[in-house]
Amino acid sequence: MDQNGPQLPPFEPEEYARVEAAANIVGKSPEDFVREAALAAADDPFLKALGKARDRVPRLAEVFATQDARAADPGTAAWPDPAPMGSRDLQEIQQHGHAA
């Protein structure tokens, strides 16, 4: 890695033409246009959050994977019914039709 960071591959000719056209629209050189866009992106809170997430997601995945493995009991792998229905509920459904 050199002093300015890793070197990226150059733009493809059609990509460079698009950047050059956009730079001409705003009256800047393509180099200034790309540099300003990169600096603006570096200050964007959303992009900063994505950068942090890139580092955190693999660690969180490991935590969830280990918790799931410990918590998973073969006999209770399915979610329990949160509100089991009683016979009275079944009779009301039969009398009034099913809920839509």
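Throughout, read-outs are computed from the coordinates displayed, never taken from laboratory work. Predicted, not measured: the structure shown is a model, and the values here were computed from it. So basically every Cβ, Gly included, is an ideal-geometry build from the backbone, and we count neighbours across all protein chains shown.
Between D44 and L60, with labels modelled 7 Å along Cα→Cβ, what's the label distance in nm to one decimal, could you check?
2.0
What is the sum of charges, Lys and Arg at +1 and Asp and Glu at -1, for the other residues whose Cβ falls under 14 Å from the Cβ of A41?
-1
Which value in Å does the Kirkwood hydrodynamic radius of the range 13-73 take, with 1/r averaged over all unlike C-alpha pairs and then inverted?
Numbers: mean 1/r = 0.0673 Å⁻¹.
It is 14.9 Å.
Could you work out the local net charge near S29, counting Lys and Arg as +1, Asp and Glu as -1, over the other residues with Cβ closer than 13 Å to its Cβ?
Values: positive: K28, R35; negative: E20, E31, D32, E36.
Here the charged neighbours net out to -2.
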